[in-house]
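Working notes, beginning with the structure itself.
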Amino acid sequence: MIVSALFFYLFASVCIASAVMVVASRNPVHSVLFLILAFVNASGLFILMGAEFLAMILVVVYVGAVAVLFLFVVMMLDVDFAELRTGVLQYLPIGALVGLVFLAELLFVVGAWAIGPTVADAIASPIPPFYTVTNTEALGHVLYTRYIYFFQAAGLILLVAMIGAIVLTLRHKPNVKRQDVSQQVARTREDAIEVVKVKSGQGLS
């Protein structure tokens, strides 16, 4: 019990510190590296809770794919972060409103211990029909039966976020040649090839 408590405090403290550094770091590459560290420590917390499948998914999917993809995108794209920070003040009221909503939600979660003392026990108790199955199978049953609409809504939100990120980071450079598929398909042989008869001893003017 003491060993598990020590590991919990270790993983939790490192996870919180790395999460703070994700926001506080000035270098975006360092922010992504701190994000990977936060994911690894969060997977350690999942293992302590007995959710080994979630821990494996967090390491394989988020650390091995998403966070590394973030790192490659930050390192490869020529993003002018000074230009992006110029319009931050105009979004400050919206950001403050979202922060207040998050703060209210956190206070509500903390206050739920006093408002409904049995809520935490109900959430932590295992689901009755899935006592004899594995952690992975029980999670699949819960996601695709009880929370199927929330699961689909989360996928839709992630799709919208991905499209928004692509639109925001798309930059058209003026000196780069780009393909226009419609013009390529509409080209005829007369437009693409010009046959010139050159007399002997003369060049093209």
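The values are calculated or read from the model by the stated rules, or taken from the named source; none is laboratory data. It should be emphasised that the depicted structure is a prediction, and the values quoted were computed from it without experimental measurement. To get the accessible areas, we keep the full protein, side chains included, count just its heavy atoms, and leave off ligands, DNA and RNA. Shrake-Rupley method; radii C 1.70, N 1.55, O 1.52, S 1.80 Å.
Laid out as a table, the results:
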| quantity | calculated |
| --- | --- |
| Whole-percent carbon and sulfur share, accessible surface of segment 1-47, 1.4 Å | 83 percent |
| For segment 149-205, the fraction of alpha-carbon pairs in successive 5 Å shells from zero, as % | 4, 12, 9, 10, 10, 10, 10, 10, 6, 5, 4, 4, 3, 2, 1, 1 |
| With all protein chains modelled, accessible area of Asp180 [1.4 Å, Å²] | 60 Å² |
